[in-house]
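Data first, discussion second: the structure below is written as structure tokens.
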Amino acid sequence: MNAESFKKQYLLYHKRLYYTAYRLLKNEADAEDIVQEAYMKLWNIRETLQSVLNTEAFCVTLVKNLCLDFLRSGKGTIVRKAEELKPEHTRTLQATDTTEVKEEVKLARLLITKLPEQQQTIITMRDIKGFSYEEIEKYTGLTQVNIRVLLSRARKKIREQHFKLNRYDNR
């Protein structure tokens, strides 16, 4: 694989890879470094990549694994921006935050109701009620593998709908 075909095939995932890394690391510089490292690894194994069926999934998994390795190594620190608040703005900010959270919860519940019934049941049991996979397996009669697949599909569908509604993918 030459450089031009590599760029055409793998650079189109850059935003998704960066978003994945940033979501896990909460640090712009670390996320950029991880994505760069992922591209370097992909380039080094470019001759074996022809057997990969889903290149996007392969790339995202690579970035996730690099992020987890980075966090486990102790090099990564999750950085939260601390802002100094003046007393007169504190009450307004808290009310706004609470309203936003309530709106997000309301939207998530609405998106869950649009899922197929089986996915609704599983995502409600796992993500809202906190059931273990074993408990869901006993209740639904599905295998843990099926539960994980349905849960993954449900989360993906909710994420896609959320992004569409908030137009994140147009930014």
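The values are calculated or read from the model by the stated rules, or taken from the named source; none is laboratory data. Nothing here was measured: the structure is a model prediction, and the numbers come from that model. As a convention, Cβ positions derive from the backbone with ideal geometry for all residues, glycine included, and neighbour counts pool all protein chains shown. What goes into the accessible areas is simple: the full protein's heavy atoms, side chains included, and nothing from ligands, DNA or RNA. Shrake-Rupley method; radii C 1.70, N 1.55, O 1.52, S 1.80 Å.
Computed from the C-beta positions of ARG109 and ARG159, the FRET efficiency with R₀ = 22 Å rounds to 0.90. Compute the FRET efficiency between LEU53 and LYS102 as 1/(1 + (r/R0)^6), taking r as their Cβ-Cβ distance and R0 = 41 Å, and round to the nearest 0.05. So the FRET efficiency works out to roughly 0.45. The listed residues LYS157, LYS8 rank as LYS8, LYS157 when sorted by accessible area, largest first, using a 1.4 Å probe.
Measuring nothing but alpha carbons in segment 102-154 and taking Rh as the Kirkwood radius, the Rg to Rh ratio lands at 0.99.
Our note on the geometry: Cα centres of segment 108-171 and segment 32-51, 31 Å apart. Using heavy atoms of the protein chains and a probe of 1.4 Å, the accessible area assigned to LEU110 is about 90 Å².
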